[in-house]
Protein chains: 2
Amino acid sequence: MPRNGTDLKPRILAEARKILLEDGYTALSTRRVAGEVGCTAAAIYHYFENKDALLHALIDEGFELLHDRLEAVPKGEGHLRGLCAAYVDFSSANPEFYEVMFHLHPTQMERYPVERYRAQRDYLALLGNAINVSRQESAHSPHSALRAATLVWSTLHGAISLHQAMRIDKSLRGPDLLDDAIRLAMRAVEISPLPSQPGISS
Amino acid sequence: MPRNGTDLKPRILAEARKILLEDGYTALSTRRVAGEVGCTAAAIYHYFENKDALLHALIDEGFELLHDRLEAVPKGEGHLRGLCAAYVDFSSANPEFYEVMFHLHPTQMERYPVERYRAQRDYLALLGNAINVSRQESAHSPHSALRAATLVWSTLHGAISLHQAMRIDKSLRGPDLLDDAIRLAMRAVEISPLPSQPGISS
DNA sequence: TAGGGCACTAAACAGTGATAACTTATCAGT
DNA sequence: ACTGATAAGTTATCACTGTTTAGTGCCCTA
């Protein structure tokens with residue numbers, strides 16, 4: 001029952017996505033979206049509870065993109081490595097999506113339902129499966145696989161985060177760090193989830 | 001030459017630090033700082049070029065804190081592990097400092113001089129030294145040490161980032177992830193900085 | 001054709017960073 | 001001691017931001 005010809009909601013979403021991808025998260029304002037769509041900022045609040053809900057919808061899109069990317073990785077030999085590479089590729093190809101998906105703190109998006117992140121995180125299950133396969137003994141508990149998968153994820157995320165925030169040294173090439181992180185993430189499988197022994201490692 | 005008794009600059013800085021530590025980065029506004037200091041928001045601009053410059057001063061404090069923490073780690077056996085643990089400890093003890101130091105993107109702080117991060121990053125040199133010592137052959141190039149140190153750093157940062165952003169699964173304990181990350185970071189030393197061989201890992 | 005509800009607008013509120021113009025206090029030089 | 005320059009603020013304003021409230025007009029149904 002739109003008054004304006006086409007329904008406004010998809011157009012709002014499309015324009016918001018365009019702004020996010022072209023000019024980044026900081027450029028995404030309700031008034032600008034409204035301006036480019038051709039309506040008032042208040043109209044957005046008919047379709048989204050608040051600005052965070054709009055951003056939330058974009059984050060959902062990002063998770064779907066990531067999901068498709070990871071699902072497309074051929075299974076079998078080298079599956080885990082492929083998943084890691086695909087994750088890093090996604091972050092490089094869609095830095096703006098990656099930022100809003102993983103980099104915004106709850107303090108910056110107060111009303112954002114944190115649970116939704118967890119629900120979307122089936123890529124952790126994907127990682128967990130690949131890890132269980134790559135492990136010699138398949139007698140590991142699901143919790144152990146989830147824990148290892150989280151470590152893999154966090155390793156990749158750390159490199160991506162520093163790379164995107166331009167924190168790494170000029171003399172270091174960003175892709176090199178990402179490659180190193182992938183190689184290191186592979187070793188995360190070997191980290192034993194036993195109670196941490198306080199001895200000296202090496 | 002203060003008109004108001006005490007010089008305003010340190011009081012602005014102190015109040016800003018208090019707000020940052022108590023209510024977080026998002027609560028830090030020029031007007032609130034001014035209000036609690038007892039001056040006008042415009043007065044801040046006499047002592048700091050802009051809000052980012054004020055935050056910049058706080059970030060400097062954070063780097064000094066981190067520096068002291070890392071310098072206090074006893075050298076010798078287990079130095080690298082001690083540095084990693086100290087880094088993680090710092091992030092847990094000062095999450096607000098950690099956020100503004102490492103989590104704010106340049107897009108969020110446009111005018112922030114990125115170079116300054118690099119100048120402050122002597123902890124990378126500390127890590128590099130510890131890595132060179134822990135390595136059997138000391139014939140590694142400085143670039144290799146820096147690269148390995150960056151990988152160690154990024155591994156720790158990834159776990160800290162996800163932990164602080166509350167992105168890790170409910171069934172997983174945050175400290176466990178941080179411990180795992182430290183253990184994995186130790187293995188970063190073994191990652192060869194050679195051109196990546198496309199073979200299958202394990 | 002009358003009524004009701006949906007889709008939207010206009011206007012405003014409270015807050016943000018930032019700037020220009022103005023006032024006032026302090027200090028140096030004569 | 002007086003004058004002038006400068007430092008140290010204030011006041012007022014601009015251009016934004018997210019969000020809410022009240023009101024308007026169109027469309028569909030009865």
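The values are calculated or read from the model by the stated rules, or taken from the named source; none is laboratory data. In this text the structure is predicted, and so the values were computed from the model without any measurement. Cβ coordinates were reconstructed from backbone atoms using ideal geometry, including for glycine residues, and neighbour counts include every protein chain displayed. The accessibility values were calculated without ligands, DNA or RNA, using every heavy atom of the protein model including side chains. Shrake-Rupley method; radii C 1.70, N 1.55, O 1.52, S 1.80 Å.
General remarks:
- The conditions of being touching a residue at least 60 places away in the same chain (Cβ under 8 Å) and in contact with a Ser or Thr (Cβ under 7 Å, 6 or more places away or on another chain) are not met by B:Tyr87.
- Filter result (more than 7 Å from every other protein chain (Cβ to nearest Cβ) and more than 13 Å from A:Phe90 (Cβ to Cβ)) within the stretch A:153-169: A:His163
- Given (1) touching a residue at least 12 places away in the same chain (Cβ under 8 Å); (2) more than 15 Å from A:Phe102 (Cβ to Cβ); (3) surrounded by 13 or more Cβ atoms within 10 Å (Cβ to Cβ), number of the condition A:Ala72 does not satisfy: (3)
- From the list B:Arg69, B:Arg11, the lone residue that is more than 16 Å from DNA strand C (Cβ to nearest atom), touching a Cys at 6+ places or on another chain (Cβ under 9 Å) and more than 14 Å from chain A (Cβ to nearest Cβ) is B:Arg11.
- Residue list for the stretch B:137-162, filter: touching a Gly at 6+ places or on another chain (Cβ under 8 Å) and surrounded by fewer than 24 Cβ atoms within 10 Å (Cβ to Cβ): B:Pro142, B:Ala145, B:Leu146
- Test for B:Arg31: is it part of a helix (DSSP H, G or I), open to solvent by 30 Å² or more (accessible area, probe 1.4 Å) and more than 13 Å from DNA strand D (Cβ to nearest atom): no
- When residues of the stretch A:50-66 are limited to those that are in contact (Cβ under 8 Å) with a residue 40 or more places away in the chain and either among the charged types (D, E, K, R) or within 15 Å of DNA strand C (Cβ to nearest atom) (or both), the one least open to solvent (accessible area, probe 1.4 Å): A:Leu54
- Members of the stretch A:91-107 found to be out of contact with any Gly (no Cβ under 8 Å at 6 or more places or on another chain), assigned to a helix (DSSP H, G or I) and open to solvent by 20 Å² or more (accessible area, probe 1.4 Å), listed by number: A:Ser92, A:Ala93, A:Pro95
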